[in-house]
Amino acid sequence: MAELAPHPNHVRDFLKLVAFEHSIFALPFAYLATLTVMELEDAFSWGVLVLVTVAMVSGRTLAMAANRIIDRKIDAANPRTAQRELVTGKISLRTAYAGCAVSLVVFVTAAAMLNPLCLALSPLAVVPLIVYPYAKRFTDYPHAVLGLAQMVAPVGAWLAVTGDFEGSGPAIVLGLAVGLWIGGFDLIYACQDAEVDRRIGVRSTPAKWGVQSALTASTATHVVAWVMFAWFGALTEFGLLYWLALVLVGAVLAWEHTIVKPNDLSKVNRAFFTANGFVAIALFVFALADLALR
């Protein structure tokens, strides 16, 4: 008897399309901003925390789905990305558009339920998410656009609690730290496509200036990001545990930059997933423990 073909699981395939598991890079910093300002304002709310989670996940899903749609032809031309779901047809373009639409509705609804300021600013949060995939078509520095898009999350999470910009300086500093951190490791990630990008006309810092220059820029960016994380800790008066986390984060970032070399990019994925996943989780867990001890 012939084996039956497995029944397609569109939800699972869509979650794979948007790399849902990568939410680990952004969610901890949204939570860090939310819980820090809740502690400072003595305004803890499970409802706000749930809505921040919904807004973060839906916003990131929107960004990734839009990225895959916009970049599907570029992905098809790159051997590294040629097996992505929209390229192979495992996910239809209609399904991807539907996922974008649902994510957008959920994101705006969550923003509206948080407060009027979040609702008013929701279009400004969406714009850089959609612009980023196009950035590689008009600038050699799309990584900066990605950093700007990621900066929105901690700032938005802070405003979700306060409802106004007064006293939001620490959130902006944290947003800059996160944006620089993510932009820095995107520089590393882009190095593996430098040759292909030049051939197919995709613009990036490694494609324009070479892998060595991109890695040097990434190192400098991560140094500034670490300083920004420290500045955020000082502004919000975190204690010993937070500073211990920063020591660990600094060590991991340094390790990340030692294992990726211009003539050996075989460990890019280890740097991207292992190191940066640790940075996000460690900083959040230690900060959470610090907040709990206050």
If each DSSP helix of 4+ residues adds -39,500 (n - 2.57) and the sum is divided by the residues in the chain, what number results at 222 nm, nearest 500 deg cm²/dmol?
-24500 deg cm²/dmol
Relative to the Cα centre, what is the charge dipole magnitude of the chain, using +1 at the beta carbon of each Lys and Arg, -1 at the beta carbon of each Asp and Glu, and rounding to the nearest 20 debye?
1140
Quick check on the chain: take the gyration tensor over C-alpha atoms, sort the square-rooted eigenvalues as a ≥ b ≥ c, and tell me if it's rounded (a/c under 1.5), prolate or oblate.
oblate
Rounded, prolate or oblate for region 168-294? Axes are the square roots of the Cα gyration tensor eigenvalues, ordered a ≥ b ≥ c, and the cut-off for rounded is a/c under 1.5.
prolate
The number of Lys pairs in the chain whose alpha carbons lie under 17 Å apart, excluding pairs fewer than 8 residues apart on one chain, is 4
Distance in Å, no decimals, from the C-alpha centre of region 41-71 to the one of region 151-167 is 13
Are there DSSP H segments in the chain that both extend 15 Å or more along their axis (alpha-carbon positions) and score a mean Kyte-Doolittle hydropathy of at least -1.0? List them, or say none.
27-41, 46-70, 93-114, 116-135, 142-162, 169-190, 211-235, 240-259, 276-293
When the charge dipole of region 168-294 is computed with +1 on Lys and Arg Cβ and -1 on Asp and Glu Cβ about the Cα centre, the Cα farthest towards its positive end, among L288, V252, Y189, belongs to Y189
Ordered by packing density, taken as the mean number of other Cβ atoms within 10 Å over each peptide's residues, highest first, how do 138-145, 117-124 rank?
138-145, 117-124
Arrange F185, F284 by Cβ neighbour counts within 10 Å, fewest through most, would you?
F284, F185
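Throughout, read-outs are computed from the coordinates displayed, never taken from laboratory work. None of these values were measured; they are calculated from a predicted model. Note: ideal-geometry Cβ built from the backbone for every residue, glycine included; neighbour counts use all protein chains shown.
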